[in-house]
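The values are calculated or read from the model by the stated rules, or taken from the named source; none is laboratory data. From a predicted model like this one, the values you see are computed outputs, not experimental measurements. Note that each Cβ is placed from the backbone with ideal geometry, even for glycine, and that neighbours are counted across all protein chains shown. All accessible areas refer to the heavy atoms of the entire protein, side chains included, with ligands and DNA or RNA removed. Shrake-Rupley method; radii C 1.70, N 1.55, O 1.52, S 1.80 Å.
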Amino acid sequence: MLLGYIVLISSMKDFKVVYKIAYILIDGRFVMTQDERWIARYNEVRAFIEANHRNPSKYDAEERGDYYTWMKHNRKVMNAGKMKPERVVKFKELLELTEKYKRVNQYQ
């Protein structure tokens with residue numbers, strides 16, 4: 001049985017819990033393929049950046065553990081040439097979005 005849902009986010013605390021994509025129910029457990037997990041995390045990070053108009057912080061524990069580390073890891077995988085081609089396209093789109101909200105020095 002294939003289940004999927006998208007829920008509107010009412011607060012940032014609910015943000016990382018709410019956004020889910022396509023689970024497969026097996027033996028009473030929800031199991032996702034590696035591609036589904038990657039796409040789900042990609043969508044979470046993209047939604048976070050669009051909602052907050054900033055990139056994930058390495059200083060905030062929640063953001064660092066969930067989003068910043070994921071971005072950093074995938075950047076390394078892409079630069080090493082080990083990322084799947086379809087993921088490279090989507091990840092480059094995400095990097096373009098992060099450039100839009102890149103931190104600017106207020107004194108320059």
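Would you please classify the overall shape of segment 59-102 from the alpha carbon gyration tensor, given that a ≥ b ≥ c denote the square roots of the eigenvalues, rounded means a/c under 1.5, and beyond that prolate means a/b larger than b/c while oblate covers the rest? Because a/c hits 1.5 or more and a/b fails to exceed b/c, segment 59-102 counts as oblate. Go ahead and run the numbers for FRET between A40 and E96, Cβ-Cβ distance against an R0 of 22 Å, rounding to 0.05. Computed FRET efficiency for A40 and E96 comes out at 0.60. In the full protein context, segment 55-94 carries 66 Å² of accessible surface per residue, based on a 1.4 Å probe and ignoring ligands, DNA and RNA.
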